[in-house]
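Note sheet for the following structure.
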Amino acid sequence: MPKTTDPRVIPLNGYTLHLIETDKYKTTTFSIQIKRKIEEENVTKRALLSQVLKSGTKSYPSSVHIHRLLEDMYGAGFVTSVGKKGPYQIITIRMDVSNEKFLLDQTPLLDQSLSFLAEVLQNPLNDGTRFDEKNVRKEKRVLKQKIQSIYDDKMRYANKRLIEEMFKGERFAIHAYGQEEEVDTITAEDLYTYYQDVIKNDEIDFYIVGDINGDEMLKSVESKFNLGDRSHDNQPDAEAPVRKEKENIIFDEQDVKQGKLHMGYRTSITYADPKYYAMQVFNGIFGGFSHSKLFINVREKASLAYYAVSRMESHIGAIFVMSGIEFKNYEKAVTIIREQMDKMKSGDITTGELEQTKEMLRNQILESVDNPNSWVDLLYHSKLSGVERTIEEWIEGIMAVTMDDIIEVAGTVTLDTIYFLKGEGQ
Amino acid sequence: MEQVHFDLLKETLYSETLDNGLQVYILPKQGFNKTYATFTTKYGSIHNHFTPLGADEPIKVPDGIAHFLEHKLFEKEDGDVFQDFSKQGASANAFTSFTRTAYLFSSTSNVEKNLQTLIDFVQEPYFTEETVEKEKGIIEQEIEMYDDNADWRVYFGTIENMFHHHPVKIDIAGTAKSIAKITKDDLYTCYETFYHPSNMLLFIVGNVEPEEIMTFVRENQAQKEFAPPEKIERFFEDEPQEAAKKKSVIKMTVQTPKCMIGFKQANTGRFGDERLKYELGMNLLLDYLFGQSSDNYEELYSEGLIDQSFSFDYTEEDDFGFSLIGGDTSDPDRLTQRIMEMIEAVKSKGIDGATIDRLKKKKIGSFLRSMNSPEYIANQFTRFQFGEMNLFKVGEMYDQISKEDLETILKDHFTEKSSTSCQIRPKSV
């Protein structure tokens, strides 16, 4: 039998190490998650920091040096990114490297990877007061282009606009990449000061997945990562969601061919809630799969769209519907989508829909542990919510959901905002 | 059933060609929950001119028909096959490329049942005038979604510039106008011609018992009748070696311009190891020229001409090929000029062997990493097999590529007359 154990979770000095020992993969995957609540004044800085961390270290001062090292390590993968999960803005540093036993020459890739990651985190290129000016300048330009590229991708743009409108006045309204006009105001000193603050105060989780020896790994991680004591005051203050008197309807116009209809719903049920399993099944029946009500009714029956889906933001308690339609079909599509939600609320759901959805969700969970990155993602979601569940608990929870549970969670769902991106003068 | 063991990869591949011509491959993956299967026909958007099975005269069919057929195959008399899959806990999907149409599912239970659903739905077409008409609205929206997608537009714009006649220049989904002409009879004609088992490949990867699965597939196929296999006649016009157009500009509602530079492959028709070596060589060469560790990349990045969206790729199929280089840029003309200069500089300076050795290590490691992915293995294996190449020989083939091979490819492929560029520029408001 292949060895797959539950993760070992080890609190260390200043961070938490999660070891997942499995011989399923031909690689070892490392993932460092650096979490802080979304702070309006720091969002852009944090986005820039995630970029600057991958642009140079003391031993590998530029990205060319880094990439040559990665190539020598048999094309190890290395990326940094920034994203939002619920009320948190999270920097992720990820690396994956071939397992040495599949290589002809026994290069010590594992040890090299750990040393490199330790340097990325603890010794980014700086002179004690600021980051390297050249690296910062380059990454500022790249960040600005990344922010602009959201505008250029109409699906992402509509999604961003929906969130801005729906969560106006709340932390979650802010995009994880920050504000384009702020980027140039950040100096290499500001950024370094912020970095020190991050290293001192943020909550850090380090995941390692692969055919590793846990005890040896623990020793080498401990010797290479010295982050020092910290107390992280990371809990965001509870924000009462801004309840709207009536639904918010927003129209934007652009010279586009296809309209983007995005609708945002709120629910009080989040990841940590025991009713979360039912919420997942709810979303699956509503718009999560190709047998869902949205897919069948918007696409298959009415031929209005190529895609009509719903997605959950599990830590905030929101459901987003997305579809691409002709401008003239706006009313028709909104009506059909509303009808599907009414059906969810009144329990107009077949046993077939319920059972199919549970099977699909079970399948999804089992598949996710076949991929090291989605496995880490699942574990980290759990960690964030404060309620950790094993794979078995997930599956049992999903399978136990009843029709009544769905109707109960459906009662918590309210339409908040309709956003429509349409053609000019349409 | 044949068995090939790959020592270093610690994988064993099982295979058999059935009496009706269907090629079946099974790769067991212990420890995985998931099983992933693809059922692929060697039929894509470029095959629009052919002699139908049993006919004498060649015909031309409307653009986008292979993709339309892909959509319609999911529909059956008693509903939608998606439903059957999801009742069995599987997620199904399909895609159409220039040269292939693939149907697939992934699931963690009911493997044989899902496999049966996959094989049977692809082998039992059911089209009516009414359902064909209804699909047109959905595909029109798919086409419009791509029309608003700047990355797709620049990608296709570059390919359009390269080719005079070859149907690779036609959008895979066709146009609203071309799909309006498609009838159920057209669909049956294409189906009968290209979905013969002898033109198809079934790949199953996951936590499966190879003997059991192969027996199951054999029995399934033995129950069905197929016409005797015939060689399919496909027609293509002669295609000149040089690019059809040097440059094109598309105006769109974007903030950042995009630029793609393309080189059309002049000599095609390679198969087997020869194509494998050429393709891997080209990938090494592109990485050498413009990969993230190259001096060129660093210069372009520092000059503010590229960002993380910068990428490159080489595609070669039986009778067409091209490389593409580009991404978001502040200055498309300048980027085009710099890329052409950089290629010329390497041509006159020659290639550095030590760098190539490092890049080979990188490619071999990346290949190994991709062996984690059942999706990658199934899709790539099929593509390779259709070109008579073997995916599992990638590692050893890299070892055989010399610096001189790359210098030959460099001179052969990157020529002024085969080059073109396409730009997306913001509409001035």
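The values are calculated or read from the model by the stated rules, or taken from the named source; none is laboratory data. In this text, all values refer to a predicted model and were calculated from it rather than measured experimentally. Cβ sites come from the backbone with ideal geometry, for glycine too, and all protein chains shown count toward neighbours. What goes into the accessible areas is simple: the full protein's heavy atoms, side chains included, and nothing from ligands, DNA or RNA. Shrake-Rupley method; radii C 1.70, N 1.55, O 1.52, S 1.80 Å.
If A:Ser223 satisfies all but one of (1) surrounded by fewer than 16 Cβ atoms within 10 Å (Cβ to Cβ); (2) of a type in the set (Ser, Thr, Tyr); (3) more than 27 Å from A:Glu100 (Cβ to Cβ), what's the number of the condition it fails?
Tallying (1) surrounded by fewer than 16 Cβ atoms within 10 Å (Cβ to Cβ); (2) of a type in the set (Ser, Thr, Tyr); (3) more than 27 Å from A:Glu100 (Cβ to Cβ), A:Ser223 fails exactly one: (3).
Looking at region A:279-295, I want the residues that are within 15 Å of A:Asn363 (Cα to Cα) and have a partner that is among the aromatic types (Phe, Trp, Tyr) with Cβ atoms under 6 Å, at least 6 apart or on another chain. Which pairs are those?
Qualifying pairs under 6 Å: A:Ser290/B:Phe82.
Give the residues of region A:396-417 that are open to solvent by 30 Å² or more (accessible area, probe 1.4 Å) and either closer than 24 Å to A:Lys26 by Cα or within 13 Å of chain B (Cβ to nearest Cβ) (or both), sorted by residue number.
The initial filter retains those residues of region A:396-417 that are open to solvent by 30 Å² or more (accessible area, probe 1.4 Å), namely A:396, A:399-400, A:402-405, A:407-408, A:411-412, A:414-415.
Hit for region A:396-417 is A:Met399, nothing else.
Go through the residues of region B:73-92 one by one and say whether even a single one is within 12 Å of another protein chain (Cβ to nearest Cβ), of a type in the set (Phe, Trp, Tyr) and over 18 Å from B:Thr35 (Cα atoms).
So the first thing to find is which residues in region B:73-92 are within 12 Å of another protein chain (Cβ to nearest Cβ), and the list is B:74-75, B:79-92.
If we keep only those that are of a type in the set (Phe, Trp, Tyr) as well, we get B:74, B:82, B:85.
Going one step further and asking which of them are over 18 Å from B:Thr35 (Cα atoms), we end up with B:74.
For region B:73-92, residues within 12 Å of another protein chain (Cβ to nearest Cβ), of a type in the set (Phe, Trp, Tyr) and over 18 Å from B:Thr35 (Cα atoms): present.
Just give me the residues in region B:272-297 being assigned to a helix (DSSP H, G or I) and open to solvent by 30 Å² or more (accessible area, probe 1.4 Å), in sequence order. Spell out how you get there, then give the answer.
Of region B:272-297, the ones assigned to a helix (DSSP H, G or I) are B:272-290, B:295-297.
Those that are assigned to a helix (DSSP H, G or I) and open to solvent by 30 Å² or more (accessible area, probe 1.4 Å): B:Asp273, B:Glu274, B:Lys277, B:Asn283, B:Tyr288, B:Asp295.
Looking only at residues in region B:259-271 that are hydrophobic (A, V, I, L, M, F, W, C) and open to solvent by 20 Å² or more (accessible area, probe 1.4 Å), which one is nearest to the other protein chains (Cβ to nearest Cβ)? Steps first, answer last, please.
Initial filter on region B:259-271 (hydrophobic (A, V, I, L, M, F, W, C)): B:259-261, B:263, B:266, B:271.
From the residues that got through so far, the ones that are open to solvent by 20 Å² or more (accessible area, probe 1.4 Å) too are B:260, B:266, B:271.
Numbers: B:Met260: 15, B:Ala266: 30, B:Phe271: 28 Å.
Across region B:259-271, the extreme among qualifying residues is B:Met260.
Might you let me know whether region B:26-43 holds any residue that is at pLDDT 95 or above and not in a strand (DSSP E or B)?
The initial filter retains those residues of region B:26-43 that are at pLDDT 95 or above, namely B:26-28, B:35-43.
Adding the requirement that they be not in a strand (DSSP E or B) leaves B:42-43.
Yes: one or more hits.
State whether one or more residues within region B:101-117 are away from chain A (no Cβ under 12 Å), closer than 30 Å to B:Ile250 by Cα and touching a helix residue (DSSP H, G or I) at 6+ places or on another chain (Cβ under 7 Å).
Yes, region B:101-117 contains a residue that is away from chain A (no Cβ under 12 Å), closer than 30 Å to B:Ile250 by Cα and touching a helix residue (DSSP H, G or I) at 6+ places or on another chain (Cβ under 7 Å).
In the set B:Asn93, B:Asn114, which member is open to solvent by 30 Å² or more (accessible area, probe 1.4 Å) and within 19 Å of B:Val205 (Cα to Cα)? Reasoning before the result, please.
Values: B:Asn114 fails: open to solvent by 30 Å² or more (accessible area, probe 1.4 Å).
Of B:Asn93, B:Asn114, the one residue that is open to solvent by 30 Å² or more (accessible area, probe 1.4 Å) and within 19 Å of B:Val205 (Cα to Cα) is B:Asn93.
Tell me which residues, restricted to region A:80-133, are free of Cβ contacts under 8 Å to residues at least 60 places away in the same chain, open to solvent by 40 Å² or more (accessible area, probe 1.4 Å), over 13 Å from A:Lys54 (Cα atoms) and not aliphatic (A, V, I, L, M).
Scanning region A:80-133 gives A:Glu100, A:Asp105, A:Gln106, A:Pro108, A:Gln112, A:Asp127, A:Gly128, A:Glu133.
Among the residues of region B:241-258, is any small (Gly, Ala, Ser), within 14 Å of another protein chain (Cβ to nearest Cβ) and touching a residue at least 12 places away in the same chain (Cβ under 8 Å)?
Step one: of region B:241-258, the residues small (Gly, Ala, Ser) are B:243-244, B:248.
Those still in the list that are within 14 Å of another protein chain (Cβ to nearest Cβ) too: none.
Among the residues of region B:241-258, not one is small (Gly, Ala, Ser), within 14 Å of another protein chain (Cβ to nearest Cβ) and touching a residue at least 12 places away in the same chain (Cβ under 8 Å), which makes the answer no.
May I ask you to list the residues in region A:30-77 that are within 14 Å of chain B (Cβ to nearest Cβ), open to solvent by 20 Å² or more (accessible area, probe 1.4 Å), within 30 Å of A:Ser368 (Cβ to Cβ) and in contact (Cβ under 8 Å) with a residue 40 or more places away in the chain?
Passing the criteria: only A:Lys54.
Condition check: open to solvent by less than 20 Å² (accessible area, probe 1.4 Å) and assigned to a strand (DSSP E or B). Does B:Phe105 satisfy that?
Numbers: open to solvent by less than 20 Å² (accessible area, probe 1.4 Å): yes; assigned to a strand (DSSP E or B): yes.
The answer is yes for B:Phe105.
Do the conditions hold for B:Ile364, that is, is it within 14 Å of another protein chain (Cβ to nearest Cβ), crowded, with 20+ Cβ neighbours inside 10 Å, under 27 Å from B:Ser97 (Cβ atoms) and without any contact (Cβ under 8 Å) to a residue 40 or more places away in the chain?
Numbers: within 14 Å of another protein chain (Cβ to nearest Cβ): yes; crowded, with 20+ Cβ neighbours inside 10 Å: yes; under 27 Å from B:Ser97 (Cβ atoms): yes; without any contact (Cβ under 8 Å) to a residue 40 or more places away in the chain: yes.
Considered against the rule, which asks whether it is within 14 Å of another protein chain (Cβ to nearest Cβ), crowded, with 20+ Cβ neighbours inside 10 Å, under 27 Å from B:Ser97 (Cβ atoms) and without any contact (Cβ under 8 Å) to a residue 40 or more places away in the chain, B:Ile364 comes out as yes.
Give me a count of the residues in region B:179-194 that are open to solvent by 10 Å² or more (accessible area, probe 1.4 Å) and either away from every other protein chain (no Cβ under 14 Å) or without any contact (Cβ under 8 Å) to a residue 12 or more places away in the chain (or both).
Of the residues in region B:179-194, the ones open to solvent by 10 Å² or more (accessible area, probe 1.4 Å) are B:180-181, B:183-186, B:188-189, B:191-192.
Narrowing further to those that are either away from every other protein chain (no Cβ under 14 Å) or without any contact (Cβ under 8 Å) to a residue 12 or more places away in the chain (or both): B:181, B:183-186, B:188-189, B:191-192.
Residues that pass the stated criteria total 9.
Count, please, the residues in region A:330-383 that happen to be away from chain B (no Cβ under 14 Å) and among the β-branched types (Val, Ile, Thr).
Taking region A:330-383 and keeping what is away from chain B (no Cβ under 14 Å), we get A:331, A:334-335, A:337-349, A:377, A:379-383.
Then drop every residue that is not among the β-branched types (Val, Ile, Thr), which leaves A:334-335, A:337, A:349.
Final tally of qualifying residues: 4.
For region A:318-329: of the residues being among the aliphatic types (A, V, I, L, M) and either farther than 20 Å from A:Asp252 by Cα or away from chain B (no Cβ under 12 Å) (or both), which is farthest from the chain's Cα centre (by Cα)?
Step one: list which residues in region A:318-329 are among the aliphatic types (A, V, I, L, M), which gives A:318-319, A:321-322, A:325.
Imposing the further condition that a residue be either farther than 20 Å from A:Asp252 by Cα or away from chain B (no Cβ under 12 Å) (or both) reduces the set to A:318-319, A:321.
Values: A:Ala318: 14, A:Ile319: 15, A:Val321: 18 Å.
Step by step, filter region A:318-329, then rank; the result is A:Val321.
Can you pull out the residues in region B:290-331 that are aliphatic (A, V, I, L, M) and within 14 Å of chain A (Cβ to nearest Cβ)? Before the answer, list the steps.
To start, the set of residues in region B:290-331 that are aliphatic (A, V, I, L, M) comprises B:300, B:305-306, B:324-325.
Passing the criteria: B:Leu300, B:Leu305, B:Ile306.
Yes or no: A:Leu366 assigned to a helix (DSSP H, G or I), touching a Ser or Thr at 6+ places or on another chain (Cβ under 7 Å), under 26 Å from A:Lys84 (Cα atoms) and without any contact (Cβ under 8 Å) to a residue 24 or more places away in the chain? Give the derivation first.
Numbers: assigned to a helix (DSSP H, G or I): yes; touching a Ser or Thr at 6+ places or on another chain (Cβ under 7 Å): yes; under 26 Å from A:Lys84 (Cα atoms): yes; without any contact (Cβ under 8 Å) to a residue 24 or more places away in the chain: no.
When the stated conditions are applied, A:Leu366 does not pass them.
Taking into account only those residues within region B:350-361 that are touching a Phe, Trp or Tyr at 6+ places or on another chain (Cβ under 8 Å) and within 10 Å of another protein chain (Cβ to nearest Cβ), which is least open to solvent (accessible area, probe 1.4 Å)?
B:Leu359
Identify all residues within region B:168-178 that are within 19 Å of B:Tyr314 (Cα to Cα) and open to solvent by 10 Å² or more (accessible area, probe 1.4 Å); write none if there are none.
Residues of region B:168-178 within 19 Å of B:Tyr314 (Cα to Cα): B:168-172.
Listed by number, the residues that qualify are B:Lys169, B:Ile170, B:Asp171, B:Ile172.
Give me a count of the residues in region B:220-249 that are closer than 30 Å to B:Ser428 by Cβ, of a type outside the set (S, T, N, Q) and either open to solvent by less than 30 Å² (accessible area, probe 1.4 Å) or modelled with pLDDT under 90 (or both).
Of the residues in region B:220-249, the ones closer than 30 Å to B:Ser428 by Cβ are B:243-249.
Still in the list and also of a type outside the set (S, T, N, Q): B:243-247, B:249.
Now narrow it down to the ones that are either open to solvent by less than 30 Å² (accessible area, probe 1.4 Å) or modelled with pLDDT under 90 (or both): B:243.
Of the residues in that region, 1 qualify.
Restricting attention to region B:130-155, and to residues there that are more than 7 Å from chain A (Cβ to nearest Cβ) and of a type in the set (Asp, Glu), which single residue is most open to solvent (accessible area, probe 1.4 Å)?
If we filter region B:130-155 for residues that are more than 7 Å from chain A (Cβ to nearest Cβ), which is where we start, we get B:130-133, B:135-136, B:139-140, B:143, B:146, B:149, B:151-155.
Among the residues that remain, those that are also of a type in the set (Asp, Glu) are: B:130, B:133, B:135, B:140, B:151.
Working: B:Glu130: 145, B:Glu133: 99, B:Glu135: 5, B:Glu140: 62, B:Asp151: 93 Å².
Once the filter is applied, the top-ranked residue is B:Glu130.
Please work out which residue is modelled with the highest pLDDT, limiting yourself to region A:13-29 and to residues that are farther than 19 Å from A:Ser382 by Cβ and more than 8 Å from chain B (Cβ to nearest Cβ).
Of region A:13-29, the ones farther than 19 Å from A:Ser382 by Cβ are A:13-14, A:23-28.
This time we only want the ones that are more than 8 Å from chain B (Cβ to nearest Cβ), so: A:13-14, A:28.
On the way: A:Asn13: 86, A:Gly14: 88, A:Thr28: 94.
My answer is A:Thr28.
Quick one: how many residues across region B:367-416 are touching a residue at least 60 places away in the same chain (Cβ under 8 Å) and more than 14 Å from chain A (Cβ to nearest Cβ)? Explain how you work it out, then say what you get.
Of all residues in region B:367-416, those touching a residue at least 60 places away in the same chain (Cβ under 8 Å) come to B:368, B:371, B:374-375, B:377-379, B:381-390, B:392-395, B:397-398, B:400-401, B:405-406, B:409-416.
Those still in the list that are more than 14 Å from chain A (Cβ to nearest Cβ) too: B:379, B:381-390, B:393, B:397, B:400-401, B:405-406, B:409-416.
The qualifying residues number 25.
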